[in-house]
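To start, the structure itself, in structure tokens.
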Amino acid sequence: MEKINGTSEGYFILLGFSHWPNLETALFVEISMFYLMTLIGNLFIIILSYLDSRFHTPMYFFLSNLSFLDLCYTTSSSPQLLVNLWDSEKTISYAACMIQLYFAFALGNTECVLLVVMSYDHYAAVCKPLHYAVLMHPRLYQSLAVASWVSGFINSALHSLITCWVPLCGHHQVDYFFCEVPALLKLSCVDTHANELTLMVTSSIFVLTPLVLILTSYGAIAQAALRMQSTTGHQKVFGTCGAHLMVVSLFFIPVLCIYLQTPTENSQDQGKFISLFYTAVTPSLNPLIYTLRNKDIREAVRRLMGRE
């Protein structure tokens, strides 16, 4: 068995969707479109939030962070995937694979935490409106954003280092479309149960715990909304929280499908398409959701276009 290490000769073959060669051209076109939509849509939100002083609020600060995060997240895998769909070799160097693993894992973890922070912001706005300025003062909401990024990158550093130390032996073939921890552990020639257990525990912390906190926040928001007498209040709550709930659903439902997936003969292939959805499709839909459902953003667009 050949040992794969961090030398310049080390490389992997990302099998990706090579089992369906007739599908690769269609995937190349579709992913290119979604990647372009991701770049344009998220850059638009970031620039708009910076230029318009009306958006210098905690909610749009977090939204800008989410847009930047989605840009980085899809960029960590989509360009390499497009190259592999176009090229028959489908190789990636050991160093590039480790870098991709680190950033993809870190950004995924960060998004889980950031979505919790955004739900807390909505909770404070709806349930504690009189104390909102105190609960979400600049130093606090900036610290929450920093904590989201730091926690994600620290957790990724742990798993990346552990994966680097595991001796990987065999045929160099990674049965996935980007480098991720479980796919690389399958190439190991030693027992990896401890690694898998660590991955399961931290995944529970970064996936299930944020989901429970988000659902708890929206449970409190729903109760507060039901106590409101005015239709305008209901519309404001649903307008503010509806977009975020859709984004949460688009991210967590695919992640949970993979997390709760029973190992079967077809589970690996199903997991590829589910992962493709939340790494390539979801980041392109988030800007559309926030733009179409947000009256303030629509009005800001009209102002920039000189209609008002």
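The values are calculated or read from the model by the stated rules, or taken from the named source; none is laboratory data. Values in this document were obtained by computation on a predicted structure and should not be read as measured data. Heads up, the Cβs are rebuilt from the backbone with ideal geometry, glycines too, and the neighbour counts pull from every protein chain shown. Heavy atoms of the whole protein, side chains included, go into the accessibility calculation; ligands, DNA and RNA do not. Shrake-Rupley method; radii C 1.70, N 1.55, O 1.52, S 1.80 Å.
Which Cys residues of the chain have no other Cys Cβ less than 4.7 Å away and so no disulfide-compatible partner by this rule?
C72, C112, C127, C164, C241, C257
Rolling a 1.4 angstrom probe over the protein heavy atoms, how many square angstrom per residue are accessible across the range 44-188?
42 Å²
Treat each spin label as a single point 7 Å out from the Cα along the C-beta direction, and report the A224 to L245 distance in nm.
In this crude label model, A224 to L245 measures out at 1.5 nm.
Decide, for the range 9-157, between rounded, prolate and oblate: order the square roots of the alpha carbon gyration tensor eigenvalues as a ≥ b ≥ c, take rounded if a/c falls under 1.5, and otherwise choose prolate if a/b is larger than b/c, else oblate.
Note, shape of the range 9-157 comes out prolate.
Report the full-extension gain for the segment I205 to V29: residue separation times 0.36 nm, less the Cα-Cα distance, to one decimal in nm.
Length gained, I205 through V29: 59.8 nm.
Among bridges DSSP assigns within the chain, what percent are antiparallel (round to 5)?
75 percent
Under the 0.36 nm per residue contour assumption, what length would be gained going from the current alpha-carbon distance of L288 and I162 to full extension?
41.6 nm
Would you work out which of Q80, S275, L115 lies farthest towards the positive end of the dipole of the chain, given +1 charges on the beta-carbon of Lys and Arg and -1 on that of Asp and Glu, about the Cα centre?
Final value for the positive-end residue is L115.
Output the relative contact order of the chain, whole-number percent, from Cα pairs under 8 angstrom with separation of 6+ residues.
26 percent
Rg and Dmax in Å for the chain, alpha carbons only: what are they?
Cα-based Rg and Dmax for the chain come out at 21.0, 71 Å.
In the chain, how many lysine pairs have Cα atoms under 25 Å apart, counting only pairs 8 or more places apart or on different chains?
Value for the chain: 8.
What is the percent carbon and sulfur in the accessible area of the range 174-257, measuring with a 1.4 Å probe over the protein chains and ignoring ligands?
69 percent
Could you let me know the centre-to-centre spacing of the range 160-228 and the range 71-127, using Cα atoms, in angstrom?
13 Å
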